[in-house]
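S.K.: Got a structure for you, written out below as C-alpha coordinates; questions coming shortly.
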Amino acid sequence: MRTITYQQQGHAAQVLRLRERPAPAAPARGQVLVRVLARPIHPGDLAGVEGFPGVPQQRFATPQVPGLEGTGVVEAVGEGVPGLMSGQRVAFFPVPGAWSELVTVPAELVVPVPERIGVETAALLLVNPITLLTLLRAVEDAQKGQAGPVVQTAAGSSIGKLVGAAALRHGFPLVNLVRSAAGERKLRQRFPGLPAISTSDADWRTRARDAVGGQGARVVLDAVGGSLTGELAALLADGGTLISYGALGSGSTPLESLALTPRELTVRGVSVGRWLTRTPAERAEDVAFALGLTETSPELFEVAGRYDLADFAEAVDHVRRPGKSGTVLLTSPAS
(Lines give C-alpha, C1' and ligand atoms only; values in the text may rest on other atoms or scores of the structure.)
Protein backbone atom coordinates (compact mmCIF):
# COMPACT_ATOMS: atom_id res chain seq x y z
CA MET A 1 0.00 0.00 0.00
CA ARG A 2 1.09 3.60 -0.56
CA THR A 3 1.82 5.79 2.44
CA ILE A 4 3.18 9.30 2.94
CA THR A 5 5.75 9.42 5.72
CA TYR A 6 8.30 11.74 7.35
CA GLN A 7 11.08 10.99 9.82
CA GLN A 8 11.99 14.50 10.86
CA GLN A 9 10.08 17.77 11.05
CA GLY A 10 10.77 20.39 8.42
CA HIS A 11 9.27 21.97 5.33
CA ALA A 12 6.63 19.53 4.11
CA ALA A 13 7.82 19.44 0.50
CA GLN A 14 11.31 18.50 1.71
CA VAL A 15 10.64 15.92 4.43
CA LEU A 16 7.55 14.07 3.16
CA ARG A 17 8.08 10.87 1.16
CA LEU A 18 5.73 8.52 -0.70
CA ARG A 19 6.57 4.92 0.20
CA GLU A 20 5.26 1.41 -0.34
CA ARG A 21 4.60 -0.35 2.95
CA PRO A 22 3.03 -3.69 3.90
CA ALA A 23 -0.71 -3.65 4.49
CA PRO A 24 -1.78 -3.66 8.16
CA ALA A 25 -2.59 -6.94 9.87
CA ALA A 26 -6.20 -8.03 10.21
CA PRO A 27 -8.07 -5.76 12.63
CA ALA A 28 -8.11 -6.88 16.26
CA ARG A 29 -11.14 -6.95 18.49
CA GLY A 30 -12.91 -3.57 18.47
CA GLN A 31 -11.08 -2.40 15.34
CA VAL A 32 -11.96 -1.81 11.70
CA LEU A 33 -9.64 -1.79 8.68
CA VAL A 34 -10.55 1.07 6.32
CA ARG A 35 -9.41 1.63 2.75
CA VAL A 36 -9.08 5.43 2.68
CA LEU A 37 -10.37 7.12 -0.46
CA ALA A 38 -9.94 10.79 0.50
CA ARG A 39 -8.39 12.76 3.32
CA PRO A 40 -8.13 16.54 3.84
CA ILE A 41 -4.95 18.52 4.38
CA HIS A 42 -5.70 20.59 7.47
CA PRO A 43 -3.35 23.31 8.80
CA GLY A 44 -2.84 21.15 11.88
CA ASP A 45 -1.59 18.29 9.69
CA LEU A 46 1.12 20.50 8.21
CA ALA A 47 1.95 21.93 11.63
CA GLY A 48 2.63 18.39 12.84
CA VAL A 49 4.98 17.83 9.90
CA GLU A 50 6.76 21.18 10.08
CA GLY A 51 6.73 21.84 13.83
CA PHE A 52 5.29 24.64 15.91
CA PRO A 53 6.73 28.15 16.42
CA GLY A 54 9.12 28.28 19.36
CA VAL A 55 9.37 24.47 19.63
CA PRO A 56 12.53 22.68 18.36
CA GLN A 57 11.91 20.48 15.35
CA GLN A 58 11.88 16.77 16.13
CA ARG A 59 13.50 13.72 14.56
CA PHE A 60 11.68 10.39 14.97
CA ALA A 61 13.06 6.90 15.42
CA THR A 62 10.31 5.45 13.21
CA PRO A 63 8.61 7.07 10.21
CA GLN A 64 5.48 9.09 11.02
CA VAL A 65 2.34 9.24 8.86
CA PRO A 66 0.40 12.55 8.83
CA GLY A 67 -3.34 13.01 8.95
CA LEU A 68 -6.14 12.41 11.45
CA GLU A 69 -9.30 12.51 9.31
CA GLY A 70 -10.51 10.66 6.26
CA THR A 71 -13.22 8.68 4.54
CA GLY A 72 -13.28 5.34 2.78
CA VAL A 73 -14.78 1.87 2.80
CA VAL A 74 -14.50 -0.90 5.37
CA GLU A 75 -12.12 -3.65 4.26
CA ALA A 76 -12.41 -5.88 7.33
CA VAL A 77 -14.09 -5.85 10.73
CA GLY A 78 -12.63 -7.22 13.95
CA GLU A 79 -14.53 -9.15 16.56
CA GLY A 80 -16.96 -7.34 18.81
CA VAL A 81 -17.85 -4.61 16.30
CA PRO A 82 -21.61 -4.55 15.69
CA GLY A 83 -23.24 -2.47 12.97
CA LEU A 84 -20.30 -2.30 10.56
CA MET A 85 -19.55 -4.56 7.59
CA SER A 86 -17.13 -4.88 4.70
CA GLY A 87 -17.84 -2.47 1.87
CA GLN A 88 -19.60 0.05 4.11
CA ARG A 89 -18.75 3.74 3.60
CA VAL A 90 -17.37 5.44 6.70
CA ALA A 91 -15.55 8.51 7.96
CA PHE A 92 -13.16 8.66 10.89
CA PHE A 93 -11.44 11.07 13.31
CA PRO A 94 -9.07 11.34 15.14
CA VAL A 95 -6.99 8.48 13.74
CA PRO A 96 -3.25 9.06 13.20
CA GLY A 97 -1.97 7.92 9.81
CA ALA A 98 -4.82 8.99 7.53
CA TRP A 99 -2.34 9.77 4.72
CA SER A 100 -2.11 6.06 4.01
CA GLU A 101 -4.21 3.84 1.76
CA LEU A 102 -5.17 1.46 4.57
CA VAL A 103 -5.76 2.49 8.19
CA THR A 104 -6.71 0.48 11.26
CA VAL A 105 -9.36 2.44 13.16
CA PRO A 106 -10.90 1.94 16.62
CA ALA A 107 -14.57 1.18 15.96
CA GLU A 108 -15.70 3.93 18.34
CA LEU A 109 -14.09 6.51 16.04
CA VAL A 110 -15.85 5.26 12.88
CA VAL A 111 -18.91 7.12 11.58
CA PRO A 112 -21.12 5.41 8.97
CA VAL A 113 -21.64 7.72 5.98
CA PRO A 114 -25.19 7.98 4.55
CA GLU A 115 -25.59 7.41 0.82
CA ARG A 116 -26.66 11.03 0.29
CA ILE A 117 -23.18 12.26 1.28
CA GLY A 118 -20.54 12.17 -1.45
CA VAL A 119 -16.93 11.14 -0.94
CA GLU A 120 -15.59 14.70 -0.90
CA THR A 121 -18.09 15.89 1.69
CA ALA A 122 -17.49 12.77 3.78
CA ALA A 123 -13.77 13.58 3.83
CA LEU A 124 -14.62 16.91 5.49
CA LEU A 125 -17.40 15.60 7.69
CA LEU A 126 -15.84 15.72 11.14
CA VAL A 127 -12.87 18.00 11.88
CA ASN A 128 -14.27 21.31 10.67
CA PRO A 129 -17.77 20.99 12.20
CA ILE A 130 -16.28 19.73 15.47
CA THR A 131 -13.82 22.63 15.46
CA LEU A 132 -16.76 25.00 14.97
CA LEU A 133 -18.55 23.53 17.99
CA THR A 134 -15.34 23.73 20.04
CA LEU A 135 -14.95 27.43 19.18
CA LEU A 136 -18.60 28.27 19.86
CA ARG A 137 -18.36 26.62 23.28
CA ALA A 138 -15.19 28.58 24.01
CA VAL A 139 -16.89 31.85 22.97
CA GLU A 140 -19.89 31.13 25.18
CA ASP A 141 -17.61 30.36 28.11
CA ALA A 142 -15.55 33.53 27.53
CA GLN A 143 -18.60 35.79 27.32
CA LYS A 144 -19.85 34.66 30.75
CA GLY A 145 -23.38 35.63 29.85
CA GLN A 146 -22.37 39.09 28.56
CA ALA A 147 -22.95 39.01 24.82
CA GLY A 148 -20.82 41.32 22.72
CA PRO A 149 -18.96 41.63 19.43
CA VAL A 150 -16.72 38.76 18.32
CA VAL A 151 -13.78 39.28 15.94
CA GLN A 152 -12.28 36.42 13.94
CA THR A 153 -9.14 36.20 11.84
CA ALA A 154 -8.75 33.95 8.76
CA ALA A 155 -12.45 34.54 8.14
CA GLY A 156 -12.19 33.29 4.57
CA SER A 157 -10.91 29.88 5.65
CA SER A 158 -13.10 26.79 5.85
CA ILE A 159 -13.45 27.23 9.61
CA GLY A 160 -13.95 30.98 9.25
CA LYS A 161 -16.88 30.46 6.89
CA LEU A 162 -18.46 27.99 9.32
CA VAL A 163 -18.17 30.60 12.09
CA GLY A 164 -19.68 33.22 9.77
CA ALA A 165 -22.65 30.98 8.98
CA ALA A 166 -23.12 30.26 12.70
CA ALA A 167 -23.07 33.99 13.50
CA LEU A 168 -25.89 34.64 11.05
CA ARG A 169 -27.85 31.64 12.26
CA HIS A 170 -27.51 32.46 15.97
CA GLY A 171 -27.52 36.24 15.64
CA PHE A 172 -24.28 37.19 17.38
CA PRO A 173 -22.29 40.19 16.09
CA LEU A 174 -19.20 39.07 14.18
CA VAL A 175 -16.42 41.08 12.53
CA ASN A 176 -14.44 39.18 9.89
CA LEU A 177 -10.75 39.87 9.27
CA VAL A 178 -9.04 38.59 6.12
CA ARG A 179 -5.59 39.13 4.63
CA SER A 180 -6.43 40.68 1.24
CA ALA A 181 -8.82 43.01 -0.51
CA ALA A 182 -9.89 40.16 -2.81
CA GLY A 183 -10.69 38.04 0.25
CA GLU A 184 -12.70 40.91 1.71
CA ARG A 185 -14.79 41.22 -1.46
CA LYS A 186 -15.50 37.47 -1.54
CA LEU A 187 -16.52 37.44 2.10
CA ARG A 188 -18.84 40.44 1.70
CA GLN A 189 -20.56 38.63 -1.16
CA ARG A 190 -20.93 35.46 0.87
CA PHE A 191 -21.99 37.12 4.13
CA PRO A 192 -23.39 40.55 3.21
CA GLY A 193 -24.73 41.04 6.73
CA LEU A 194 -21.30 40.79 8.38
CA PRO A 195 -18.49 43.40 8.37
CA ALA A 196 -15.40 42.21 6.48
CA ILE A 197 -12.04 44.00 6.75
CA SER A 198 -8.75 43.32 5.00
CA THR A 199 -5.67 43.63 7.23
CA SER A 200 -3.71 44.63 4.12
CA ASP A 201 -5.43 48.05 4.25
CA ALA A 202 -3.54 50.78 6.10
CA ASP A 203 -6.65 51.81 8.04
CA TRP A 204 -7.82 48.32 9.01
CA ARG A 205 -7.28 48.93 12.74
CA THR A 206 -9.54 51.99 12.71
CA ARG A 207 -12.19 50.18 10.68
CA ALA A 208 -12.06 47.20 13.04
CA ARG A 209 -12.40 49.41 16.14
CA ASP A 210 -15.37 51.16 14.56
CA ALA A 211 -16.96 47.80 13.71
CA VAL A 212 -16.74 46.47 17.28
CA GLY A 213 -17.97 49.74 18.80
CA GLY A 214 -16.68 51.85 21.66
CA GLN A 215 -16.60 49.04 24.22
CA GLY A 216 -14.40 46.76 22.12
CA ALA A 217 -14.84 43.07 21.34
CA ARG A 218 -15.71 40.55 24.03
CA VAL A 219 -13.86 37.78 22.18
CA VAL A 220 -11.31 37.42 19.41
CA LEU A 221 -11.07 34.06 17.61
CA ASP A 222 -7.56 33.89 16.22
CA ALA A 223 -6.15 31.34 13.79
CA VAL A 224 -3.20 33.55 12.80
CA GLY A 225 -1.21 34.55 15.88
CA GLY A 226 2.37 35.71 15.46
CA SER A 227 2.95 39.44 15.13
CA LEU A 228 -0.78 40.09 14.72
CA THR A 229 -1.57 39.10 18.31
CA GLY A 230 -0.86 42.52 19.79
CA GLU A 231 -3.12 44.23 17.28
CA LEU A 232 -5.92 41.80 18.09
CA ALA A 233 -5.56 42.28 21.84
CA ALA A 234 -5.99 46.03 21.27
CA LEU A 235 -9.45 45.33 19.80
CA LEU A 236 -10.62 43.60 22.98
CA ALA A 237 -12.70 45.25 25.66
CA ASP A 238 -11.14 45.19 29.12
CA GLY A 239 -11.83 41.75 30.54
CA GLY A 240 -12.06 40.26 27.05
CA THR A 241 -10.64 36.95 25.82
CA LEU A 242 -8.36 36.10 22.91
CA ILE A 243 -8.94 32.49 21.83
CA SER A 244 -6.05 31.06 19.84
CA TYR A 245 -6.64 27.96 17.71
CA GLY A 246 -4.00 28.23 14.99
CA ALA A 247 -0.64 29.68 14.02
CA LEU A 248 -0.92 30.70 10.37
CA GLY A 249 0.99 33.95 10.84
CA SER A 250 4.66 34.80 11.16
CA GLY A 251 6.67 36.61 13.78
CA SER A 252 5.87 36.71 17.48
CA THR A 253 4.35 38.94 20.15
CA PRO A 254 5.86 39.12 23.67
CA LEU A 255 3.25 38.18 26.26
CA GLU A 256 4.14 41.12 28.49
CA SER A 257 3.30 43.55 25.68
CA LEU A 258 -0.41 42.62 25.81
CA ALA A 259 -1.15 44.42 29.11
CA LEU A 260 -2.90 41.32 30.40
CA THR A 261 -2.90 42.34 34.07
CA PRO A 262 -4.07 45.97 33.96
CA ARG A 263 -6.72 45.17 31.34
CA GLU A 264 -7.65 41.78 32.86
CA LEU A 265 -7.39 40.07 29.48
CA THR A 266 -7.43 36.32 29.02
CA VAL A 267 -5.47 34.40 26.38
CA ARG A 268 -6.77 30.87 25.88
CA GLY A 269 -5.70 28.07 23.57
CA VAL A 270 -8.32 25.78 22.03
CA SER A 271 -7.66 22.56 20.10
CA VAL A 272 -9.91 20.05 18.36
CA GLY A 273 -7.38 17.50 19.56
CA ARG A 274 -9.10 17.60 22.94
CA TRP A 275 -12.34 16.29 21.46
CA LEU A 276 -11.83 12.79 22.86
CA THR A 277 -12.09 14.19 26.40
CA ARG A 278 -15.84 14.62 25.78
CA THR A 279 -18.07 11.73 26.77
CA PRO A 280 -19.23 9.22 24.13
CA ALA A 281 -22.74 10.68 24.36
CA GLU A 282 -21.41 14.22 23.82
CA ARG A 283 -19.31 13.08 20.88
CA ALA A 284 -22.36 11.38 19.35
CA GLU A 285 -24.26 14.68 19.59
CA ASP A 286 -21.38 16.46 17.83
CA VAL A 287 -21.34 13.87 15.04
CA ALA A 288 -25.12 14.24 14.63
CA PHE A 289 -24.60 18.01 14.29
CA ALA A 290 -21.96 17.45 11.59
CA LEU A 291 -24.23 15.12 9.64
CA GLY A 292 -27.09 17.61 9.90
CA LEU A 293 -24.85 20.39 8.63
CA THR A 294 -24.27 18.48 5.39
CA GLU A 295 -28.01 18.75 4.75
CA THR A 296 -28.62 22.34 5.82
CA SER A 297 -25.37 23.92 4.55
CA PRO A 298 -23.64 21.67 2.00
CA GLU A 299 -21.89 24.70 0.48
CA LEU A 300 -19.75 24.95 3.63
CA PHE A 301 -18.03 21.65 2.75
CA GLU A 302 -16.07 23.22 -0.08
CA VAL A 303 -13.20 21.45 -1.84
CA ALA A 304 -10.42 23.58 -3.32
CA GLY A 305 -8.64 20.78 -5.17
CA ARG A 306 -8.06 17.03 -5.38
CA TYR A 307 -4.66 15.34 -5.72
CA ASP A 308 -3.55 11.74 -5.77
CA LEU A 309 -1.29 10.71 -2.87
CA ALA A 310 1.65 10.67 -5.26
CA ASP A 311 1.09 14.37 -5.98
CA PHE A 312 1.31 15.44 -2.33
CA ALA A 313 3.87 18.18 -3.05
CA GLU A 314 1.47 19.91 -5.46
CA ALA A 315 -1.34 19.48 -2.95
CA VAL A 316 0.68 21.12 -0.17
CA ASP A 317 1.56 23.96 -2.53
CA HIS A 318 -2.16 24.44 -3.26
CA VAL A 319 -2.93 24.60 0.46
CA ARG A 320 -0.66 27.65 0.71
CA ARG A 321 -1.94 29.31 -2.45
CA PRO A 322 -3.24 32.87 -1.83
CA GLY A 323 -6.97 33.15 -2.33
CA LYS A 324 -7.58 29.42 -1.91
CA SER A 325 -11.23 28.72 -1.17
CA GLY A 326 -12.04 25.41 0.49
CA THR A 327 -9.98 22.42 1.61
CA VAL A 328 -7.46 20.46 -0.44
CA LEU A 329 -7.94 16.67 -0.55
CA LEU A 330 -5.50 13.82 -1.06
CA THR A 331 -7.20 10.90 -2.82
CA SER A 332 -6.62 7.21 -3.45
CA PRO A 333 -8.23 4.75 -5.86
CA ALA A 334 -10.95 2.43 -4.55
CA SER A 335 -8.75 -0.65 -4.97
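S.K.: Going by the conditions given, is Leu235 more than 17 Å from Pro94 (Cα to Cα) and within 16 Å of the chain's Cα centre (by Cα)? Quick ask: steps written out before the conclusion?
M.R.: Numbers: more than 17 Å from Pro94 (Cα to Cα): yes; within 16 Å of the chain's Cα centre (by Cα): no.
For Leu235, the condition - more than 17 Å from Pro94 (Cα to Cα) and within 16 Å of the chain's Cα centre (by Cα) - is not met.
S.K.: Against the condition touching a strand residue (DSSP E or B) at 6+ places or on another chain (Cβ under 9 Å) and open to solvent by 10 Å² or more (accessible area, probe 1.4 Å), how does Arg263 come out, does it pass?
M.R.: Numbers: touching a strand residue (DSSP E or B) at 6+ places or on another chain (Cβ under 9 Å): yes; open to solvent by 10 Å² or more (accessible area, probe 1.4 Å): yes.
Yes: the conditions hold for Arg263.
S.K.: OK, next. Find the helices (runs of 4 or more DSSP H) located wholly in the range 117-226 whose residues include 3 or more that are out of contact with any strand residue (DSSP E or B) (no Cβ under 9 Å at 6 or more places or on another chain) and more than 25 Å from Val303 (Cβ to Cβ), and list them. Working first, answer last.
M.R.: On the way: elements: 119-123, 127-143, 158-170, 181-190, 204-212.
The qualifying helices (runs of 4 or more DSSP H) are 204-212.
S.K.: Condition first: aliphatic (A, V, I, L, M), outside any strand (DSSP E or B) and open to solvent by 10 Å² or more (accessible area, probe 1.4 Å). Can you find one or more residues in the range 87-100 that meet it? Steps first, please.
M.R.: Applying the first criterion (aliphatic (A, V, I, L, M)) to the range 87-100 yields 90-91, 95, 98.
This time we only want the ones that are outside any strand (DSSP E or B), so: 95, 98.
Checking which are open to solvent by 10 Å² or more (accessible area, probe 1.4 Å) leaves us with none.
No, every residue in the range 87-100 fails to be aliphatic (A, V, I, L, M), outside any strand (DSSP E or B) and open to solvent by 10 Å² or more (accessible area, probe 1.4 Å).
S.K.: Between Ala284, Ala313, which is open to solvent by 30 Å² or more (accessible area, probe 1.4 Å), under 24 Å from Lys161 (Cα atoms), at pLDDT 95 or above and small (Gly, Ala, Ser)?
M.R.: Going through Ala284, Ala313 in turn, the sole match is Ala284.
S.K.: Can Glu69 be described as open to solvent by 50 Å² or more (accessible area, probe 1.4 Å), of a type outside the set (A, V, I, L, M) and either at pLDDT 95 or above or closer than 20 Å to Thr5 by Cβ (or both)? Outline the logic, then answer.
M.R.: Working: open to solvent by 50 Å² or more (accessible area, probe 1.4 Å): no; of a type outside the set (A, V, I, L, M): yes; either at pLDDT 95 or above or closer than 20 Å to Thr5 by Cβ (or both): yes.
In short, no.
S.K.: From the list Thr206, Thr134, which residue is closer than 30 Å to Glu69 by Cα, of a type in the set (S, T, N, Q) and at pLDDT 95 or above? So that I can check it myself, show each step before the final result.
M.R.: On the way: Thr206 fails: closer than 30 Å to Glu69 by Cα.
The unique qualifying residue is Thr134.
S.K.: I'm told Val34 meets every condition in (1) open to solvent by less than 10 Å² (accessible area, probe 1.4 Å); (2) under 27 Å from Leu293 (Cβ atoms); (3) in contact with a helix residue (DSSP H, G or I) (Cβ under 7 Å, 6 or more places away or on another chain) except one. Can you identify the failing condition by its number?
M.R.: (3) is the only condition that Val34 fails.
S.K.: Out of curiosity, is Glu108 more than 16 Å from the chain's Cα centre (by Cα), assigned to a helix (DSSP H, G or I) and either over 16 Å from His42 (Cβ atoms) or of a type outside the set (Ser, Thr, Tyr) (or both)?
M.R.: Numbers: more than 16 Å from the chain's Cα centre (by Cα): yes; assigned to a helix (DSSP H, G or I): yes; either over 16 Å from His42 (Cβ atoms) or of a type outside the set (Ser, Thr, Tyr) (or both): yes.
So Glu108 fits the description; yes.
S.K.: Next question. Just for the range 172-195: of the residues that are among the aliphatic types (A, V, I, L, M) and within 21 Å of the chain's Cα centre (by Cα), which one is farthest from Val139 (Cα to Cα)?
M.R.: First, pick out the residues of the range 172-195 that are among the aliphatic types (A, V, I, L, M): 174-175, 177-178, 181-182, 187, 194.
Narrowing the set further to residues that are within 21 Å of the chain's Cα centre (by Cα) leaves 174-175, 177-178, 187.
Details: Leu174: 12, Val175: 14, Leu177: 17, Val178: 20, Leu187: 22 Å.
Top of the filtered list is Leu187.
S.K.: Something else now. Quick one: in the range 33-80, which of the residues that are among the polar types (S, T, N, Q) and outside any strand (DSSP E or B) is nearest to Ala154 (Cα to Cα)?
M.R.: In the first step, residues of the range 33-80 are kept if they are among the polar types (S, T, N, Q); the result is 57-58, 62, 64, 71.
Within this subset, residues satisfying the condition of being outside any strand (DSSP E or B) are 57-58.
Numbers: Gln57: 26, Gln58: 28 Å.
It comes out as Gln57.
The values are calculated or read from the model by the stated rules, or taken from the named source; none is laboratory data. Computed from a predicted model, the values in this text were never measured in an experiment. Positions of Cβ are generated from backbone atoms using ideal geometry, with glycine treated the same way; all protein chains shown enter the neighbour counts. Just so you know, the surface numbers come from the protein's heavy atoms only, side chains and all, with ligands and any DNA or RNA stripped out. Shrake-Rupley method; radii C 1.70, N 1.55, O 1.52, S 1.80 Å.
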